[in-house]
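The values are calculated or read from the model by the stated rules, or taken from the named source; none is laboratory data. The structure displayed is predicted, hence computed values, not measured ones. All Cβ positions, even for glycine, are placed from backbone atoms using ideal geometry, and neighbour counts span all protein chains on display. The protein model used for the area step is the full one, side chains on, heavy atoms only, and it has no ligands, DNA or RNA in it. Shrake-Rupley method; radii C 1.70, N 1.55, O 1.52, S 1.80 Å.
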Amino acid sequence: MRGGPSVLGIVLAGGAGKRLMPLTADRAKPAVTFGGTYRLVDFVLSNLVNGDITRICVLTQYKSHSLDRHVSTTWRMSSLLGNYVTPVPAQQRLGPRWYLGSADAILQSLNLVHDEQPHYVAVFGADHVYRMDPRQMLEQHVESGAGVTVAGIRVPRAEARQFGVITPARDGTLVERFLEKPQDPPGLPGAPHQVYASMGNYVFTTKALVDALRQDAEDEDSAHDMGGSILPMLTERGLAQVYDFDGNHVPGETARDHGYWRDVGTLDAYYEAHMDLISDQPVFNLDNRSWPIYTHPGQLPPAKFCAGGIAGESVVSPGCVIRGQVTRSVLSPGVTVEEGAVVQGSVLHDNVRVGRGAVVRGAVLDKNVDVPPGATIGVNPERDAELYTVSRAGVIALGKGQCVPE
């Protein structure tokens with residue numbers, strides 16, 4: 001940050017994302033397409049770069065080729081100014097083993113911290129859809145003198161078992177307890193049916209981070225995880241503070257999308273987030289030009305509607321050719337919908353082809369899926385359950401290039 005404290009961004013992007021199968025069968029979760037032209041990792045990187053954190057290492061591990069390629073080809077910063085976004089694969093620097101957890105991933109990558117010698121390290125997750133100005137969180141951290149500041153968001157207590165839960169002290173900022181995915185956490189004072197959930201975003205004072213990682217590495221019983229190990233350790237020492245995400249404001253936000261943050265780690269959450277995008281007044285508006293989400297959709301021509309093709313209440317990306325009928329759907333680049341085909345309430349990834357007279361309803365189709373002429377998805381629930389992945393809420397998902405019978 002020019003004129004301010006030096007900050008190194010570390011993005012944890014090694015997650016397998018098993019709950020998003022089959023979309024993660026061939027790629028890491030942060031590389032999954034979202035909103036037509038974006039990848040999930042684009043949201044955290046855009047927030048960091050818009051917030052003047054422009055030296056960023058993306059730690060990868062699980063099936064990382066797609067993610068590495070996207071980061072390398074899309075996120076090209078100005079080397080003249082010393083800025084960069086670089087993927088860092090697991091390197092086995094501390095012996096013949098892969099990462100044991102998110103804390104171990106940073107421990108094995110401490111050479112990045114030693115090379116930059118930053119005052120602070122922003123450790124952010126790569127799996128969520130949101131806008132956030134990290135400068136405001138950093139400002140609170142610097143003023144507080146804390147070892148770590150963790151971003152928290154209020155969620156219903158019934159959902160707490162999915163997250164790390166922060167119990168603030170009476171002053172509202174010091175973290176009294178940090179519980180990783182508890183079964184029965186206490187509610188907040190004055191709001192017993194809510195908890196502070198960790199967003200997986202942390203700002204560390206560099207020395208506090210390095211010391212905690214080295215101590216954790218010596219504990220053979222540790223899970224070597226940021227939320228399960230490092231945060232509880234620093235909380236016990238009185239060095240952890242919470243940053244209330246509700247107090248974060250980004251340029252161009254509206255009252256409707258203020259404070260929006262979604263974990264799209266399940267098929268149902270992923271699908272629901274897309275269905276919000278197509279509404280006339282979406283809760284999360286991709287068209288905020290004051291705080292853009294950056295990506296590179298490729299060199300493709302504008303979307304084309306021909307032979308009577310129509311689309312309504314939909315997001316249609318460049319390179320699409322629509323000859324059939326599309327409603328309430330999100331189409332990634334290069335999708336083709338042939339004459340007589342019907343696509344309703346669906347999310348189609350790159351280069352999906354829906355053949356003449358075919359029907360696709362309530363489905364997520366990954367890259368290069370070819371739906372033959374006259375085939376149906378989302379019409380016969382019993383048949384769909386035999387052939388495809390079906391979520392609890394009934395969302396049908398097909399993996400990359402999965403065969404669709406005629």
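Each row is one residue, and each column tells you yes or no for (1) within 21 Å of the chain's Cα centre (by Cα); (2) closer than 22 Å to Ala375 by Cα.
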position	(1), (2)
His258	yes, no
Asp287	yes, no
Cys306	no, yes
Val315	yes, no
Arg328	no, yes
Gly334	no, yes
Val347	yes, yes
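A residue that is open to solvent by 20 Å² or more (accessible area, probe 1.4 Å), assigned to a strand (DSSP E or B) and not polar (S, T, N, Q) cannot be found anywhere in region 14-37.
Could you check, for region 296-319, whether at least one of its residues is surrounded by fewer than 21 Cβ atoms within 10 Å (Cβ to Cβ), touching a helix residue (DSSP H, G or I) at 6+ places or on another chain (Cβ under 7 Å), in contact (Cβ under 8 Å) with a residue 24 or more places away in the chain and of a type outside the set (A, V, I, L, M)? Looking through region 296-319, at least one residue is surrounded by fewer than 21 Cβ atoms within 10 Å (Cβ to Cβ), touching a helix residue (DSSP H, G or I) at 6+ places or on another chain (Cβ under 7 Å), in contact (Cβ under 8 Å) with a residue 24 or more places away in the chain and of a type outside the set (A, V, I, L, M). Filtering region 165-206 to residues that are among the small types (Gly, Ala, Ser), closer than 29 Å to Val7 by Cβ and over 24 Å from the mean Cα position of the chain (by Cα) leaves Ala169, Gly172. Just one of the listed residues (Val142, Val129) is open to solvent by 10 Å² or more (accessible area, probe 1.4 Å), touching a strand residue (DSSP E or B) at 6+ places or on another chain (Cβ under 9 Å) and either β-branched (Val, Ile, Thr) or assigned to a helix (DSSP H, G or I) (or both), and it is Val142.
Each row is one residue, and each column tells you yes or no for (1) outside any loop (DSSP other than H, G, I, E, B); (2) farther than 19 Å from Ile278 by Cβ; (3) in contact (Cβ under 8 Å) with a residue 40 or more places away in the chain; (4) out of contact with any Lys or Arg (no Cβ under 9 Å at 6 or more places or on another chain).
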{"position": "Pro333", "(1), (2), (3), (4)": "no, no, yes, yes"}
{"position": "Glu339", "(1), (2), (3), (4)": "no, yes, no, no"}
{"position": "Asp350", "(1), (2), (3), (4)": "no, no, yes, no"}
{"position": "Val360", "(1), (2), (3), (4)": "yes, no, no, yes"}
{"position": "Val364", "(1), (2), (3), (4)": "yes, no, yes, yes"}
{"position": "Gly374", "(1), (2), (3), (4)": "no, yes, no, no"}
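Residues in region 38-51 that are under 12 Å from the mean Cα position of the chain (by Cα) and either of a type in the set (Gly, Ala, Ser) or open to solvent by 10 Å² or more (accessible area, probe 1.4 Å) (or both): Tyr38, Arg39, Ser46.
From the list Ala223, Ala269, the lone residue that is out of contact with any helix residue (DSSP H, G or I) (no Cβ under 7 Å at 6 or more places or on another chain) and either open to solvent by 10 Å² or more (accessible area, probe 1.4 Å) or not in a helix (DSSP H, G or I) (or both) is Ala269.
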